[in-house]
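This report refers to the structure that appears directly beneath it.
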Amino acid sequence: MKKFKYLLYIVLLTSATGCDKYLDVQPLESISDTQTIFDKSSAETAIRGVYSALSNSNYYGTTFQSIGYLSGDNIQWTGSQSQVQEFINKKVNAENATISGAWTAIYRTINRANNVIAKVPGVTDPLLTEALKNQIVGEAYFVRALAYFDLARTWGGVPLIVTPTSNPTQNRGIARSTTAQTYAQVLKDLETAEPLLPSTTDRFRATRKTVWALRSRYHLYQKEWAKAEEYAAKLLSDNTFQAVKPYSAFFANDARGTQESVFEIFYSANETNTHRGQWQPQTNGGTRQWAPNDALVALLNDATKGGNRSTLVAKDNQNRWYGNLYYRTPATDPTYVIRIAELYLIRAEVRAQQDKLADALTDLNVIRSRAGISPSTAASKDAVLLDIENERRLEFALEPHRWYDIVRTGRAAQVFNVTDPNRLVLPIPSGELLIDKALVQNPGY
Amino acid sequence: MKKKFLLQLWVSILLIPLGIAAQSPEATINATLSGIVSDEKTREPLIGASIQIKGTTNGAITNADGKFYLKTGQKLPFTLIVNYIGYDTREVLVNTNTIEIRLLANAKQLSEIVVVGYGTQERKNLIGSVSKVDPSEVSAIPVGSFDAQLQGKVSGVQISSPTGVPGETVNVRVRGATSINADNDPLYVVDGVFVNSNSLQTISTGGKSSSPITDINPSDIQSIEVLKDAEATALYGSRGANGVILITTKRGNFDQAPKVNFNASYGQAKAVKLWELTTGPEHAQLVNEWWINTGKDTPSLNRTEANRPFRPVSEGGRGLPEEQQTYDRLGEAFRTATLQNYDLSVTGGTKTTKYYIGGGYNDQEAILKPITFNRASFKVNLDQKINERVQVGVSNTFTRTYRNQARAGDGPQGGLLQAALHTPTYLSPYNEQGVLVGRAGFDNLTLLLENYDVNSTSLRYIGNLYAEAELLSNLKLRTSWGVDYNNYNESEYWNTFLLLGAQGGLATSSISQFSSLLNEQTLTYRKKFGTKHSFGLIVGNTLQSDVLTRTYAEGRGFANNSFKIISSAATTTSTQSWSKSNLASFFAKADYVFNSKYLVDFSLRADGSSRFGADRKWGYFPAVGGAWRIKQEDFLKDVKFISDLKLRASYGIVGNQNGIGNFAAQGLWTGGAPYQGNPGIAPQQLANPDLRWEKTNQFNIGIDAAVLEGKLSFELNYYNKYTRDGLLQLALPSTTGFANYWSNAAEISNKGFELNINSVNYDRGGLTWTTSFNIARNVNNIEKLENPLRYGSRELILQQQGTPLYSFWVYKQLSVDPQTGNVVYEDVNKDGQITVADRQIVGSIWPKFFGGLTNNVSYKNFELSAFLSFQYGNKIYNHNKFFGEGGGARDAARIIFASNNARWQKPGDITDVPRPDGVNVNNYRDGGSRWLEDGSFLRLRSLNLSYNLPKEIARKLRADGLKVYVNGTNLFLLTKYTGLDPESSASSEQNAQGIDLGTPPQPRSYQVGISVTL
């Protein structure tokens, strides 16, 4: 029996040695979240992570963008997923997977920005200059402003999260702010970002110029016409930005970062943009889940309306039209967040709103002339505004503007036949309401 | 009595498998005895039976003819003890120098040796709930793996084959399911090695995945034991919650002449039926009807009779419905598949060595082109006695499994059944220029079949090296070192004829390597105290380390279709991944038997897992069990009618950690967030330092009884399992920036019973008829879940507190209004409109009961066996039909099923198929209950007729035995399900079961085979 005990001890002890160490296995693909941003290099990689979130397929990759154009009147759906048809019918359910995907992706972007905003200022690394530190934090503020802007225009007021999440109990149970408060957060972040950023031109990352461009759009949405005009002018007077000719020059032939671009999101063979898959026909390796509808095809191919913007659509081997803005192989198509054309059209619109019709037409006709169509000769304010609205429909035919434009101008009833004002904002995803009791659904859903 | 028991135990457990090697004492009398041992009924000689002179260690083993020869050294008369596994031990009084001894096969198998955790036991001493299966009973069923063969054979084990593709994952559930996000698969142990049962497949085959269990050749398996209750599984504590399946492979016997076994079978398989589709004209008619109906509903659409899609070509239409052609694509995609299987093995042994060498080759075509499954395996098991006390041995399995794979499920591109089934029948495979084109967004079927090039090769080694030493007479030490290594190599090539390769071709390569290293020590002690007390103790430890690495490369843009390797692609990308988990365990089990009547045992296992929070790594899993052999009591001893009666009960806690990420408890940032070609970092997951083991408490009570000399026996078990701290990816509000985090947040219960009945119905004059029947019921319920979780296509599955796992969440169709032709759904909240709030749970995938029935009739050399399996009361969602009954709204984008012809057309029509209108508007709503069907079935799984050539004739052919057989599977299927196969399920995701989409059915097959023993 003694022998037995002795043996037992040997077996147990030899195996137990180093057990704690044995059970401590660390990953090689990830790092612990306890020490993340602590020097120049980690600060730089963290801000890239923020842009990466912006480029995610659920945000500016595909999903969020699709809300903007599917909800308009340019696109038809050919697939079997009814979540797409709900946008086209303008009867979006709270169960819709597109809205929950976008909502989640936007807040993930905000959390990444919050990490940079909270942690980078505290980094003490002699290699991390004050200028670089400011730039990184300024970029994070810009991205957060864009994220809240997108949330506000899609859902109205949302919970405002401005600190990073480090455990599951944080940043939940926070009630929605009002739409005004959410837009106020956008403005505040843009105002904070502006002085931190350099006044250089970078078409893939935020600079002071990118902030001005988004401010111009922000003031347009707020109907602060003069401010919108002021900020648009800052870019329109900058010769690093041009409405490149012809229209297709900003995207065709694998173009990237042209003078047209104020802010575009970068994709590469390793960081692909899956957007093309939804547009391209099967013979080009896509699914053509959604395609330009007959009305849009007719407009784009009308030489007096679409002009050379007809390059946005093409025909496949079964004579079906497809959208051709996102087409590259490998899938490196940029996402065009802000183009100089938008600033021309913003300034045209706000000038018209301020009854500066001739100036308005000057800006509008830059875009029309680039498209190869005759100048607008609209004579009344309403006519100019309508021409601008129609111009935007074609200029941004496959970009996410149409829905937001018609909603912000209050013309959804006339243009989309949407008479229920509750339908002008989308429902908060039902899954979010289930988990977070502090969230309240938009009325009518 | 006690002495005899002890002797028997030792003889059967230890000596028999090792052979009797005891040295004969010097014969004092030069007397000899020769004889033959044979089966009482068949008179077949028994090879390897042991003969021992009572009171001595002098004995012998019968040779290949069942004969033995022995120097007795004894005066007549003396008593012989004759032992043979599976037969009653006999004591024979010897009066002559030659003798014929006949042994009676032990029908009730009380002395059957059952493999249990870290040892073996006689069935009569079992406390836990263990089912033993003889794999040879089902070995003729042509599927990829033994688990698929076992369907309906083991009570309480629900096995379903979600696809007719051989070698794909089979769903195995032992006594229900205990977890939402952790695995519900049982633990597989092959010769003491914990083997991986999670598919390494990375390429998409439309929701399904290959089964790693197919790497084990069923022909190499000697026995399969399924451990079900906590007493039986507790020694596997950490991974016992879903049951344990122990596989013992074949080994040789000491002192056995080499025996060669050869098996060959050949057969064919074919689908019993295929989907019934509308013809071209019917399709066109429905589309026109939909067009006009939607025009009436919404005049602004301007859809009228005049501009209907199928109007004369002269009017700009696609031609009248009756002018449409019908193209049969299903016939092109399905085939009569061939099946072949060959196994060759040699077993034998000397006094100190025994061996099993086996080779197998299995080749099966799926009934859906171009899918094939092909396995070549090689097995060597070797045991060597170093001396009387020390033995070493190895088990080795090498397998190469090759698969031609294809997407037989969901997903448009490369989807085989999308191209074959979901493409409208009226559309020609050619365009106007006579070029083959894909329709409806799917590939062209002909091009797909010609150019499909997706394959995988699994190289698998499962091996184990052990040494066993008898330290003291009652104390044995065993150390064992095991490896499960799997190299899984996949490649795809999509040339320019296929949608996925449309842009210059696409090639991918993925190489996964899984290795599991295992070390185990056990000390076993057993001793008898006095005449009535028997005590046993086992202590041990296990260290296991699993590593999974993966390298993936992809190339796009090839010069032409002759270049297929990534190195010649224009653009290439690649990724790599690495993951590891460690497990350390200590365990002990003590048992005590009093007077062969009362048995108790207690076990405890402590498991430490690297996956859990720093202070939560260790889990403790105790179990206690007891049994009362009532038949041994005096008051039953003389009751002839009852031949056995035993009561068993056990209670214990077992754990689960499988299926969660290896780093689930840690807070992590990923390096995979690059921008502009430069690296980026980002938050990945939140830490949960409190993450811990999922624990299942299980109570089991059982009764084993046999009457009429064991001719009728039954086993009844009731169990109650309750799982706490269920591992769950708990959803987080998106405002946190995270989707979820791992936590212990669910509670799930499973309660049920299992009944096994075995009977010998007739046994006279060479005719034997036996029946074996099992039936089980499991009631599953989610006891605690804070927020409901939705899974599957169209969120058809809802996991919600208070209902069973895998419940279907649908809009309940009450009727089709005979006046309007519109569906009437149940308005659950009575608000006058049908919204998502009106979705409700209607049934689940769980059957009310399930089981199997086997009948065996043997007459002389013929044997006929019929094996039925059944399931009653489960639901299945016919998702193919959902797509196929779109009422024309999907127009040219989707097939229409023939069942849609029964749609409502005019007031007064009574039907359950509504009038055609827009998809998801109302009548063809996603998640409608019309496609939720009863999945009950009764299936003749296998019918087998075999003929054993009489020994004398076989001898003339220089064979020991020769058997020929014919086997048929799925010869009939009784079901109300309108799809092809009520077991079909599109996805191997465990939370999305029971949705039938694009799945080839299990085929009907016929095989002939021959088995020769030399």
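Quick note: the coordinates plus some simple rules give every number you see, no bench work behind them. Note that the structure is a prediction, hence the values are computed from the model and not measured. Cβ placement follows ideal geometry from the backbone for every residue including glycine, while neighbour counts extend to all protein chains displayed.
Summary table below
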{"item": "Cα-Cα separations in the stretch A:267-333 greater than 20 Å, expressed as whole percent", "result": "30 percent"}
{"item": "Principal axis dimensions, largest first and in whole angstrom, of the stretch B:428-492 by Cα", "result": "87, 17, 15"}
{"item": "Links that overshoot a 28 Å alpha carbon limit, given the list A:Lys209/A:Lys315; B:Lys250/B:Lys951; B:Lys208/B:Lys564; B:Lys589/B:Lys646; A:Lys91/A:Lys245; A:Lys305/A:Lys356", "result": "A:Lys209/A:Lys315; A:Lys91/A:Lys245"}
{"item": "Alpha-carbon centroids, the stretch B:712-741 and the stretch A:373-445: separation in whole Å", "result": "44 Å"}
{"item": "Rounded Å value of the spacing that divides the Cα centres of the stretch A:261-309 and the stretch A:169-241", "result": "27 Å"}
{"item": "Dipole of chain B [Lys/Arg +1, Asp/Glu -1 at C-beta], most positive-end residue of B:Ile660, B:Thr735, B:Asn362", "result": "B:Asn362"}
{"item": "The stretch B:609-647: chymotrypsin sites (Phe, Trp or Tyr not before Pro) in DSSP coil with no more than 10 other Cβ atoms inside 10 Å", "result": "B:Phe641"}
{"item": "Set of aspartates and glutamates near B:Lys848 by C-alpha distance (under 17 Å), chain-local residues within fewer than 8 positions excluded", "result": "B:Glu754, B:Glu933, B:Asp934, B:Glu983"}
{"item": "Ellipticity estimate at 222 nm from DSSP helix runs (n ≥ 4, -39,500 (n - 2.57)) divided over the protein assembly as shown, nearest 500", "result": "-5500 deg cm²/dmol"}
{"item": "Debye log10 I(q)/I(0) for the stretch A:22-87, one point scatterer per Cα, at q = 0.16, 0.17 Å⁻¹", "result": "-0.72, -0.75"}
{"item": "Extent along principal axes [Cα atoms of the stretch B:530-675; Å; largest to smallest]", "result": "87, 44, 22"}
{"item": "Compactness of the protein assembly as shown - radius of gyration and Dmax, Cα, Å", "result": "36.6, 134"}
{"item": "Debye, to nearest 20: dipole size of the protein assembly as shown, +1 on Lys, Arg Cβ, -1 on Asp, Glu Cβ", "result": "3480 debye"}
{"item": "Dimensionless Rg ratio for chain A, taking C-alpha atoms and the 2.2 N^0.38 Å reference", "result": "1.12"}
{"item": "Peptide A:102-111, shielding by other chains (average Cβ, 10 Å cutoff)", "result": "4"}
{"item": "Pairwise centroid distance, computed over Cα atoms, of the stretch B:645-693 with the stretch B:86-146, Å", "result": "43 Å"}
{"item": "At least 27 Å along the helix axis (C-alpha) and Kyte average at least -1.0, DSSP helices within chain A", "result": "A:97-119, A:130-155"}
{"item": "Burial ordering of B:Tyr361, B:Tyr791, A:Tyr107, B:Tyr859, fewest other beta-carbon atoms within 10 Å first", "result": "B:Tyr859, B:Tyr361, B:Tyr791, A:Tyr107"}
{"item": "Whole-number D in µm²/s for the stretch A:151-253 (Stokes-Einstein; Kirkwood sum over Cα pairs; 25 °C, 0.890 mPa s)", "result": "153 µm²/s"}
{"item": "Share of Cα-Cα pairs in the stretch B:568-626 lying beyond 15 Å, as whole percent", "result": "68 percent"}
{"item": "Directionally averaged shadow of the stretch B:279-370, computed from the convex hull of its alpha-carbon atoms, nm²", "result": "11.7 nm²"}
{"item": "Placed amide H near B:Gln201: partners under 5 Å, 5+ positions off or other chain", "result": "B:Ser210"}
{"item": "Cα-only radius of gyration and Dmax that characterise the stretch A:220-375, units Å", "result": "17.1, 50"}
{"item": "Relative contact order (percent, whole number), the stretch B:834-947, Cα cutoff 8 Å, 6+ residue spacing", "result": "33 percent"}
{"item": "Percentage of interatomic Cα-Cα distances in chain B larger than 52 Å", "result": "25 percent"}
{"item": "Leading residue at positive end of dipole, chain B (Cβ point charges), from B:Gly887, B:Phe558, B:Leu320", "result": "B:Phe558"}
{"item": "Hull volume in cubic angstrom per residue (convex hull over the Cα atoms of the stretch B:113-256)", "result": "127 Å³"}
{"item": "Kirkwood hydrodynamic radius (C-alpha pairs) into Stokes-Einstein, the stretch B:613-730, 37 °C and 0.692 mPa s, D in µm²/s", "result": "174 µm²/s"}
{"item": "Nearest-ten-degree value, helix B:280-297 long axis tilted from longest Cα axis of chain B", "result": "60 degrees"}
